[in-house]
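Asks: Below are the structure tokens for one structure; questions will follow.
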Amino acid sequence: MLRVIVFLVGLSILLIVTYPLIIFVYDSMNGNFFSIRYSISHVNRTHIVFRVNLTYLNSAEIHDFNITVEILSEENKSIARSCVTKSVLKLNESLILELTIPLENAIKAKYVALTLKGVIGGIYPISVKVKEEFRGVKLWKVMKY
Amino acid sequence: MEGNEVLMILKKIVKGIIHGLFMWLIYVLTIPFIVNSLTTAEIFTVPTFFELKWFLIMLFFIIIFAVASALKHRPYGVLLNVFGNLLAFLVLVKLLEGGLVTISVPVGEGIEVYVFMDLRIVLYTIFIVITIPSIMISVYESLKEIDEHI
């Protein structure tokens, strides 16, 4: 009897503590973490604006969320950098980051690097690093325009 | 230890191992068979080495706890129970890389994704609410039995 009670109490505490993590992992395994869209526009003849639109698709809330976007050259040198912080990020919420890059620097752009940091459900710290190569040379296309 | 008692203990150990083998049959044969019948897959899934490795570890624990339960009235039973619980926790610590998990997610060509998670709180919770109570209960029960014998 004692064993059963202790087991049930232990299991309940464990489920309460791991609840945000279970939801986060379940949603992530179904491909629902975040979606990112990039867009580029001209400000003038000397500068372009690189815009990142992040939509959070997970049911588990992320506390103290911080996203950093960095444009890197082929040698991994930073060309431009932007950062946004949000106290709580909930399902379907979007964040937009804008980076204004001089054209002479944009020509060197090879990668876009994202660093997402936060605390899942206020309990589990998480950090995600994404590094993507500019395919289709989008920045180059804008510059030719 | 009397002959009858030894036989009883051996009987319990064999029962525990048969239980483990039964679980093995369910895990290795029945589950893939049912999953295959429900899906369009035609090939019978053979468990990978990784799956078998974890199953063998599970079987090892089943045997440890079967022996511990068979030796319930003896100090070895308590010791085996404590050993099994601590070892199970260590396996979990090893599985979760000490709670600091780094995963490389395969997304596609030209994209690198690394996820870092701090899951130490899960390990602390399991240790506090599962491992420690299991050890304490087995020690308490054996002490209670010794008291009753006295």
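Rule-based calculations on the coordinates, nothing more; no lab input. Source: prediction; values computed, not measured. Note that we place each Cβ from the backbone using ideal geometry, even for glycine, and neighbour counts take in every protein chain shown.
Asks: Between A:THR115 and B:ILE128, what FRET efficiency follows from the Cβ-Cβ distance if R0 is 35 Å, with the result rounded to 0.05? Mind showing how you got there, number by number?
Replies: Values: r = 33 Å, r/R0 = 0.93.
Between A:THR115 and B:ILE128 the formula returns 0.60.
Asks: Now for a different question. Within 10 Å, count the other beta carbons around each residue, average over each peptide in A:24-35, A:57-68, and list them highest first.
Replies: The packing order, highest mean first, is A:57-68, A:24-35.
Asks: Among A:ARG37, B:ARG120, A:ARG45, rank each residue by its count of other Cβ atoms within 10 Å, from fewest to most, as a rough exposure measure.
Replies: Numbers: A:ARG37 11, B:ARG120 16, A:ARG45 7.
Ranked by crowding around the Cβ, least crowded first: A:ARG45, A:ARG37, B:ARG120.
Asks: Of the cross-linked pairs B:LYS11/B:LYS53; B:LYS12/B:LYS94; A:LYS117/B:LYS94; A:LYS90/A:LYS117; A:LYS110/A:LYS131, which ones have a Cα-Cα span greater than 21 Å in the structure shown? Each step should come with its number before you reach the end.
Replies: On the way: B:LYS11/B:LYS53 27 Å; B:LYS12/B:LYS94 30 Å; A:LYS117/B:LYS94 25 Å; A:LYS90/A:LYS117 14 Å; A:LYS110/A:LYS131 10 Å.
Exceeds cut-off: B:LYS11/B:LYS53; B:LYS12/B:LYS94; A:LYS117/B:LYS94.
Asks: Provide the per-residue ³J(HN,Hα) series for region A:66-76, in order, calculated from phi with Karplus coefficients 6.51, -1.76, 1.60 and θ = phi - 60°, each as a whole number of Hz, with x at glycine and proline positions.
Replies: 9, 10, 10, 10, 9, 9, 10, 8, 4, 8, 6
Asks: Principal axis lengths of region A:2-142 from Cα atoms, whole Å, largest first?
Replies: Extents along the principal axes, in whole Å: 75, 27, 23.
Asks: If R₀ is 35 angstrom, what is the calculated FRET efficiency for the pair A:ASN66 and B:ARG74, using the beta carbon separation as r and rounding to 0.05? Could you put the intermediate results ahead of the total?
Replies: Values: r = 56 Å, r/R0 = 1.61.
In this case the efficiency is close to 0.05.
Asks: No solvent, one uniform scatterer per C-alpha: report log10 I(q)/I(0) for the protein assembly as shown via the Debye equation at q = 0.09 1/Å, two decimals.
Replies: -0.67
Asks: To continue, here is another question. Sort B:LEU143, B:LEU119, A:LEU97 so the one with the fewest other Cβ atoms within 10 Å of its own Cβ comes first.
Replies: On the way: B:LEU143 11, B:LEU119 20, A:LEU97 17.
Ordered by Cβ neighbours within 10 Å, fewest first: B:LEU143, A:LEU97, B:LEU119.
Asks: Which FRET efficiency value, to the nearest 0.05, do you get for B:GLU148 and B:ILE17 by plugging their Cβ-Cβ distance into 1/(1 + (r/R0)^6) with R0 = 35 Å?
Replies: 0.70
Asks: Let me know the charge dipole size of chain A about its Cα centre in debye, to the nearest 20, where only the beta-carbon of Lys, Arg (+1) and Asp, Glu (-1) is charged. Write out the running numbers ahead of the final one.
Replies: Values: 17 positive and 11 negative charges, 81 e Å.
For chain A, the charge dipole is close to 380 debye.
Asks: Using the alpha-carbon atoms, what tilt in degrees (0 to 90, nearest 10) does helix A:2-29 show relative to the longest principal axis of chain A?
Replies: 20
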